[in-house]
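Data block below; observations after.
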Amino acid sequence: MPPKSILKKSAVAANAPPAARAVNGRHLETAVHHANVLEQRKRVELDILRSVMELMDFPSQADADSTRPSPSDAQRFRQAVVAFQPSDYDALIEERNIADKCGYTLCPRPKGKAPSTARKQFVETSKGVQIVDRKKLEMWCSDDCARRALFVKVQLNEEPAWLRQGDYGTDIELMVENAEEHHKTLPLRLKKEVTPAPQDTEEEDAAAAWAARDDALADLAIERGEKPGRLSKANKDLITDKIKERVTKFPPMPPSLPQQSSGQSHMAIEGHVPKSARDAEQAKDSDDEDDEQDWDKALPG
Amino acid sequence: MAESDPKARQELLDMWRIYRTTKEMCRDRGYNVLPEECDIKFDDFSRKFGTESGMINRGQMNFSAIPSEDMVRKYTPPATAKTPAPEAQIGTLWVEFNGDEAFGMKHLRDFITHLTTGSYYSGIMIVVKPLSGMAMRALRGAAQLGNGPNGGVEVFLEQDLKINITKHELVPTHLLLSAEEKQQLLKRYRLKETQLPRIQVTDPVAKYYGLRRGQVVKIIRKSETAGRYASYRWAI
Ligand SMILES: [Zn+2]
């Protein structure tokens with residue numbers, strides 16, 4: 001390519017209007033982009049609002065079985081929550097509870113009843129007696145519903161749906177006992193066995209849900225052609241496991257200039273003073289230091 | 001009435017104040033409210049709205065209010081060639097007091113259903129605790145959801161109505177201009193509405209008067225030097 005003439009180039013640059021137009025164009029693009037994001041956000045939020053309003057009345061049949069939901073209810077539930085963030089899901093649970101319903105969308109039973117109407121409740125758990133918000137205690141009609149509900153929650157995307165790339169996200173799985181009744185293509189999870197959970201705390205529920213999710217991720221890894229057990233291409237553990245909190249041993253000090261007076265600067269190699277040079281210097285100084293301390297002690301009071 | 005427990009009595013007292021402020025608010029907006037409703041004595045109030053045991057019965061306090069002729073005039077858009085007889089954008093108001101510990105979408109939906117089936121133009125709900133997050137979102141997005149009464153739904157916290165903020169000496173008189181008065185004002189001063197100073201519809205005084213976006217209020221201040229002077233604000 002022949003070298004471009006400087007004159008010609010500067011002539012273009014001096015031609016202000018097209019350049020300004022280009023800048024304006026970029027600004028316009030940015031503005032349009034922001035407007036689109038805002039528009040998208042409004043649409044998604046309205047969508048979620050409508051979904052919460054619909055799902056707070058679920059299931060459609062008053063005699064539905066939370067462990068064996070009807071295929072249409074399960075399908076609608078899974079579809080609707082894909083756009084949810086975990087906080088939206090919490091909001092759905094809250095709305096169901098306000099309406100006196102069990103927090104799990106596919107359960108028709110009323111929410112739990114705490115022993116008393118006090119705001120804080122004492123609860124017997126495996127870790128001894130704990131104080132729990134009444135609200136939390138009354139969220140579910142049973143531990144089983146808590147487990148099934150949390151299984152859905154851990155699959156939700158933390159990122160707002162209007163910022164997600166492409167589709168809203170992946171399919172949401174449910175824990176059901178009647179997988180055979182649901183359409184074959186639906187990735188519904190058949191619960192292996194009903195584990196007796198006499199005194200489940202919420203943490204244990206969450207742990208169970210996480211474990212279930214890990215299984216699901218393993219399936220996903222195989223589907224992606226990754227070897228089970230190996231590190232996944234999208235493995236979060238790679239980072240989270242290795243985080244170590246930095247512990248401060250002493251209060252932070254502002255950086256100070258290397259002491260010019262020490263007379264070591266001529267020994268420094270790119271700011272570093274070799275050990276041998278340092279030792280020699282310290283031996284020389286030690287007498288002076290003793291003197292200083294003595295002088296200090298001599299002060300009255 | 002026997003000696004009731006202090007807590008119930010305090011609640012009854014609070015609700016008496018809240019009731020009076022609510023009635024005053026309706027009066028100040030231009031609804032027909034009788035003076036004795038705003039000035040109801042505590043004894044009369046507790047007889048009317050208290051239970052045998054001295055507890056408040058909020059359900060009894062609900063009421064409706066009809067706009068005065070002057071209010072209807074203010075809320076009627078100017079006649080044009082296309083609509084020679086425009087309809088007033090105001091109508092019967094329904095005011096409800098809800099004592100539930102949590103107010104969610106279910107309550108909001110029930111309230112809206114009540115308003116639409118009762119053909120109310122607008123509704124005011126007075127609640128104990130702030131709405132749930134979703135109910136708040138639903139309230140804000142009510143227009144997009146496409147249901148509910150024409151005049152919308154407003155929600156107040158009991159706490160905010162214990163005293164009437166407009167009775168405070170530092171709060172000047174706010175007067176709503178009719179659409180016609182607004183046009184005259186802009187014409188006289190050769191202004192566009194966007195050039196007026198603004199008042200947010202979420203401002204407590206704006207909320208008290210139920211200002212809607214686009215309306216203009218005349219604010220009359222007392223001044224030691226100038227006597228009285230008026231300014232205008234555009235609600236956004
Ligand atoms: Zn349940």
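When A:ALA118, A:ALA114, A:ALA83, A:ALA74 are checked against the criterion of being within 16 Å of the ligand (Cβ to nearest atom) and in a loop (DSSP other than H, G, I, E, B), A:ALA114 stands alone in meeting it. Given A:GLN155, A:GLN121, which one is buried (at least 18 other Cβ atoms within 10 Å of the Cβ), more than 14 Å from chain B (Cβ to nearest Cβ) and free of Cβ contacts under 8 Å to residues at least 24 places away in the same chain? Matching residue, one of A:GLN155, A:GLN121: A:GLN121. A:HIS34 meets each of the listed conditions (1) free of Cβ contacts under 8 Å to residues at least 24 places away in the same chain; (2) within 12 Å of another protein chain (Cβ to nearest Cβ); (3) in a helix (DSSP H, G or I) apart from (2).
Please verify whether segment B:104-116 includes one or more residues that are basic (Lys, Arg) and part of a loop (DSSP other than H, G, I, E, B). Steps first, answer last, please.
Of the residues in segment B:104-116, the ones basic (Lys, Arg) are B:106, B:109.
Keeping just the survivors that are part of a loop (DSSP other than H, G, I, E, B) gives none.
Checked against the condition, which is being basic (Lys, Arg) and part of a loop (DSSP other than H, G, I, E, B), segment B:104-116 yields no hits at all.
The residues in segment B:61-74 that are in contact with a Gly (Cβ under 9 Å, 6 or more places away or on another chain) and within 22 Å of B:PHE111 (Cβ to Cβ) can be counted, and the count is 3. Whenever a residue of segment A:83-97 is at the interface with chain B (Cβ under 8 Å from one of its Cβ atoms) and free of Cβ contacts under 8 Å to residues at least 12 places away in the same chain, its partners that are assigned to a helix (DSSP H, G or I) and hydrophobic (A, V, I, L, M, F, W, C), lying with C-beta atoms within less than 8 angstrom and at least six residues away or across chains, give the pairs A:GLU94/B:MET134.
Among the residues here, B:THR113 does not qualify as among the β-branched types (Val, Ile, Thr), free of Cβ contacts under 8 Å to residues at least 40 places away in the same chain and over 28 Å from B:GLN159 (Cα atoms). You will find that of A:CYS107, A:CYS145, the residue that is assigned to a loop (DSSP other than H, G, I, E, B), away from every other protein chain (no Cβ under 14 Å), crowded, with 18+ Cβ neighbours inside 10 Å and at pLDDT 90 or above is A:CYS107 and no other.
Give segment A:58-69 a look and list any residue that's without any contact (Cβ under 8 Å) to a residue 24 or more places away in the chain and more than 13 Å from the ligand (Cβ to nearest atom), or say none. Write out each step before concluding.
To start, the set of residues in segment A:58-69 that are without any contact (Cβ under 8 Å) to a residue 24 or more places away in the chain comprises A:60, A:65.
Scanning segment A:58-69 gives a single hit, A:SER60.
For A:ASP88, the requirement of being open to solvent by 20 Å² or more (accessible area, probe 1.4 Å) and either part of a helix (DSSP H, G or I) or within 14 Å of the ligand (Cβ to nearest atom) (or both) is not met.
Taking segment B:80-98 as the range and being surrounded by 13 or more Cβ atoms within 10 Å (Cβ to Cβ) and away from chain A (no Cβ under 14 Å) as the test, the residues that pass are B:PRO86, B:ALA88, B:GLN89, B:ILE90, B:GLY91, B:THR92, B:LEU93, B:TRP94, B:VAL95, B:GLU96, B:PHE97.
The values are calculated or read from the model by the stated rules, or taken from the named source; none is laboratory data. Fair warning: this is a prediction, and the values are worked out from it, not measured in the lab. Neighbour counts are summed over all protein chains in view; Cβ atoms, including those assigned to glycine, are modelled from backbone coordinates with ideal geometry. To get the accessible areas, we keep the full protein, side chains included, count just its heavy atoms, and leave off ligands, DNA and RNA. Shrake-Rupley method; radii C 1.70, N 1.55, O 1.52, S 1.80 Å.
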